[in-house]
Amino acid sequence: MRLAVMGAGDVGRSVAELAGEYGHTVTAFADSASAVVEPDGIDVDAALAHKDDVGRVGEGDPADALGAEYDALVEATPTTLGDAHPGFEHVRAALEADRHAVLANKGPVAERYDDLRELEADSDGSIRFEATVAGAIPALSTIDGVGAERVTAARGVLNGTANFILTRMATDGLDYEHVLAEAQDLGVAEADPTFDVEGTDAALKCAILANVIHGGGYSLEDVDVEGITDVPPSALELAAEDGRTVRLIGEVTEDGARVGPRLVPENHTLAVSGTMNIVQLETEHAGRLNLSGRGAGGPETATAVLSDVDRLS
């Protein structure tokens, strides 16, 4: 397929770099300030080198990418809340042009799911968004395979930054601020970690899971959210004395969606360590399904994006 990649962060770069290995051609590549378009396929290495040298992928306008010749748009711009601008507009442009859209950007799917489905219904294009929930973990394709109507609940550890912090606090008895600084030094946490540590990122993923399982109707404001910033080392020490630990758990049930610190047994399936993620699905006939792996990272998330593209081919 011919791809128009919107966004040149870790995920967008990785999609552009790996597309050829999956048999696809990048015909347009845009960042927030520029674009490069070539109907026969852009020189990805040259575009990325240009980005590294001067801060932009090309000399064209980002809007040029939306008007390029492509079969599927890859929406990999940063996640925004509320109206999910500009990601939602990018996807709308693709669907209104009867092209497919594959999203790594959580915003449009979490905040405007019903709007996306309405646009899809009026288009010859389709949307897919495996990468929005758990990076390389095939949570949504598993739900699709089982049948969303047969999934009774979903829960899991959905944010690697929060999980790294809680793991280090529990293992070494360190306080939150100390471990956060360490995570930032290692590149595990952003300079502004608010989305991760306050539970917003996990809540967006829960909203997406709830939309898929319940057929829409959810946004971030419908998820009860509590982060990890107020978890003291003493709580982890007391939990350890009882053979338990604390994890930031997102959960979707028939009663709604919620995110917050939860006590789990130390040897429990949900007690994954470090930056690992896990999604646990409760199903009517297949029992409990556990899917774990890397929930973030450029190449990891790009594999989910490109697998979605393959499903559209």
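The values are calculated or read from the model by the stated rules, or taken from the named source; none is laboratory data. Because the structure is a prediction, the values reported are computed rather than measured. For neighbour counting, all protein chains shown are included, and Cβ atoms are generated from backbone atoms with ideal geometry for every residue, glycine included.
Among the residues in the range 110-126, are any farther than 18 Å from Leu281 by Cβ, touching a His at 6+ places or on another chain (Cβ under 7 Å) and in the same structural domain as Gly87 (by TED's automatic domain parsing)? The answer is yes, given that some residue of the range 110-126 is farther than 18 Å from Leu281 by Cβ, touching a His at 6+ places or on another chain (Cβ under 7 Å) and in the same structural domain as Gly87 (by TED's automatic domain parsing).
Per-residue answers, yes or no, for (1) in a loop (DSSP other than H, G, I, E, B); (2) modelled with pLDDT under 95:
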position: Leu166; (1), (2): no, no
position: Thr171; (1), (2): no, yes
position: Ala207; (1), (2): no, no
position: Tyr218; (1), (2): yes, no
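When the range 214-230 is limited to residues that are aliphatic (A, V, I, L, M) and surrounded by 22 or more Cβ atoms within 10 Å (Cβ to Cβ), the one that is nearest to Leu248 (Cα to Cα) turns out to be Ile228. Of all the residues in the range 54-77, those that are over 24 Å from Ser307 (Cβ atoms), in contact (Cβ under 8 Å) with a residue 12 or more places away in the chain and part of a helix (DSSP H, G or I) number 3. Count of the range 300-310 residues, restricted to those that are hydroxyl-bearing (Ser, Thr, Tyr) and either surrounded by fewer than 16 Cβ atoms within 10 Å (Cβ to Cβ) or in contact with an Asp or Glu (Cβ under 7 Å, 6 or more places away or on another chain) (or both), is 1. In the set (1) surrounded by fewer than 24 Cβ atoms within 10 Å (Cβ to Cβ); (2) closer than 24 Å to Pro108 by Cβ; (3) at pLDDT 95 or above; (4) not basic (Lys, Arg), Gly9 fails one condition alone, (3). Within the range 274-291, restricting attention to residues that are modelled with pLDDT under 95 and not hydrophobic (A, V, I, L, M, F, W, C), the residue that is nearest to the chain's Cα centre (by Cα) is Thr275. Among the residues of the range 14-53 satisfying the criterion of being in contact with a Pro (Cβ under 9 Å, 6 or more places away or on another chain) and assigned to a helix (DSSP H, G or I), which is nearest to Ala131 (Cα to Cα)? In this case the residue turns out to be Ser14.
I'd like the residue in the range 240-254 that is of a type in the set (D, E, K, R) and not in a loop (DSSP other than H, G, I, E, B) and, out of all such residues, is farthest from the chain's Cα centre (by Cα). Among those residues, the one meeting the criterion is Glu241. If the condition is being under 13 Å from Leu209 (Cα atoms) and either in contact (Cβ under 8 Å) with a residue 60 or more places away in the chain or out of contact with any strand residue (DSSP E or B) (no Cβ under 8 Å at 6 or more places or on another chain) (or both), then the range 227-267 contributes Gly250, Glu251, Val252, Thr253, Glu254, Val259. Within the range 188-200, the residues that satisfy the criterion of being assigned to a helix (DSSP H, G or I), farther than 24 Å from Glu254 by Cβ and of a type outside the set (A, V, I, L, M, F, W, C) are Thr194, Asp196.
Filtered by the rule that a residue be assigned to a loop (DSSP other than H, G, I, E, B) and either among the hydroxyl-bearing types (Ser, Thr, Tyr) or farther than 21 Å from Glu226 by Cβ (or both), the range 255-292 gives Glu266, Asn267, Thr269, Ser273, Gly274, Thr275, Glu284, His285, Ala286, Gly287.
When Ala94 is tested against (1) part of a helix (DSSP H, G or I); (2) within 15 Å of the chain's Cα centre (by Cα), only condition (2) is not met. Check whether at least one residue in the range 109-131 is modelled with pLDDT under 95 and either surrounded by 22 or more Cβ atoms within 10 Å (Cβ to Cβ) or closer than 23 Å to Val74 by Cα (or both), and report yes or no. Among the residues of the range 109-131, not one is modelled with pLDDT under 95 and either surrounded by 22 or more Cβ atoms within 10 Å (Cβ to Cβ) or closer than 23 Å to Val74 by Cα (or both), which makes the answer no.
Can you name the residue in the range 243-299 that is polar (S, T, N, Q) and crowded, with 16+ Cβ neighbours inside 10 Å and is also nearest to Leu204 (Cα to Cα) among such residues?
Our first condition is that a residue be polar (S, T, N, Q); within the range 243-299, this holds for 245, 253, 267, 269, 273, 275, 277, 280, 283, 290, 292.
From what is left, the residues that are crowded, with 16+ Cβ neighbours inside 10 Å are 245, 275, 277, 280, 283, 292.
On the way: Thr245: 24, Thr275: 18, Asn277: 15, Gln280: 17, Thr283: 22, Ser292: 19 Å.
Only one residue tops the list, namely Asn277.
For Ala101, the requirement of being without any contact (Cβ under 8 Å) to a residue 60 or more places away in the chain, part of a helix (DSSP H, G or I) and of a type in the set (A, V, I, L, M, F, W, C) is not met.
Kindly indicate which of Glu96, Glu130 is in the same structural domain as Asp308 (by TED's automatic domain parsing) and either among the hydroxyl-bearing types (Ser, Thr, Tyr) or over 21 Å from Lys205 (Cα atoms) (or both). Break it down into steps so the answer makes sense when it comes.
Working: Glu130 fails: either among the hydroxyl-bearing types (Ser, Thr, Tyr) or over 21 Å from Lys205 (Cα atoms) (or both).
Only one candidate qualifies: Glu96.
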